[in-house]
Amino acid sequence: MCLENKAFVWKDVPDPVCHAGFDVKIRIRACALNRADLMQRQGIYAPPEGWPLWPGLECAGEVVECPPDGRFKPGDRVCALLGGGGYAQEVVVPEGMVMPMPKGFSFAEAAGVPEVYATAYLNLKLVGEIKKGETFFINGGEGGLGIAAIQLAKHVFGAKVVAQVASDANGAFCREVGADVTVNRFTDDLVSVLAANPPNVAIDPVGGPLMGKCIATMPYRGRWISL
């Protein structure tokens, strides 16, 4: 599925070709929709160099070709993080960006895993170095990244989770998936809530005029990550 005049259209494109010993070719069964795909449709996001020009940043499917001494074999069910090209029947991706499909997941469910969960894990663990018992704040808790970050912070890393959301209904949903405290950005005082729950680690994909005051609520060695 390609873009023409900011619209999605069906087109035939050349079959992707593997670099022997390096790439995995996947027969795509499901793909996901991300904000970057919408931005690409608007003409304000270009795919990284070397990737297909059509959208699609993550997918799930079956291995068609792979390195003979690699981690996968033809027929394996996998999901993958892509630089583009997921809105197609097949895609070629470096083996390091491919992961086994989680057990019990459908293709549609698995296609939504790589982008948000890889981003959340990278920033929580490798950048934020979150530790058990710390407090974590996510701005935009109801989004894909926010949901993934809440679940990982709470259920994997053992943190207390504070999430800012756009409505009370979204707050209720975030509490269902693991948030301990939710803040309605339109009716609640975020700075006061963070002062009462000082975040050791924060992931902020939203930003805004309150950022400086929010950062001031963090304890010594706090880590505020802006995306």
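The values are calculated or read from the model by the stated rules, or taken from the named source; none is laboratory data. Keep in mind the model is a prediction, meaning the values are calculated, not measured. Cβ atoms come from the backbone with ideal geometry, glycine included; neighbour counts cover every protein chain shown.
Can you run down the residue pairs with Cβ atoms below 8 Å, 6 or more apart or on separate chains, where the first is in the range 182-198 and touching a residue at least 24 places away in the same chain (Cβ under 8 Å) and farther than 18 Å from Ala172 by Cβ and the partner is surrounded by fewer than 15 Cβ atoms within 10 Å (Cβ to Cβ) and not small (Gly, Ala, Ser)?
Partner pairs satisfying both residue conditions: Val191/Lys213; Pro198/Pro219.
Please go through the range 170-217 and give me each residue that is in a strand (DSSP E or B), of a type in the set (A, V, I, L, M, F, W, C) and closer than 22 Å to Val156 by Cα, ordered by number.
Hits for the range 170-217 are Val181, Val201, Ala202, Ile203.
For residues that are part of a helix (DSSP H, G or I) and either touching a residue at least 60 places away in the same chain (Cβ under 8 Å) or touching a strand residue (DSSP E or B) at 6+ places or on another chain (Cβ under 8 Å) (or both), tally how many sit in the range 157-169.
The qualifying residues number 1.
When only residues in the range 122-146 that are free of Cβ contacts under 8 Å to residues at least 40 places away in the same chain and out of contact with any strand residue (DSSP E or B) (no Cβ under 9 Å at 6 or more places or on another chain) count, which is farthest from Met211 (Cα to Cα)?
Filtering the range 122-146 for residues that are free of Cβ contacts under 8 Å to residues at least 40 places away in the same chain and out of contact with any strand residue (DSSP E or B) (no Cβ under 9 Å at 6 or more places or on another chain), the one farthest from Met211 (Cα to Cα) comes out as Lys132.
Considering each residue of the range 155-171, count those that are among the hydrophobic types (A, V, I, L, M, F, W, C) and surrounded by fewer than 13 Cβ atoms within 10 Å (Cβ to Cβ), and give that number.
Residues in the range 155-171 being among the hydrophobic types (A, V, I, L, M, F, W, C) and surrounded by fewer than 13 Cβ atoms within 10 Å (Cβ to Cβ): 1 in total.
Name, by its number, the condition in (1) at pLDDT 95 or above; (2) surrounded by 15 or more Cβ atoms within 10 Å (Cβ to Cβ); (3) in a loop (DSSP other than H, G, I, E, B) that does not hold for Tyr220.
(2)
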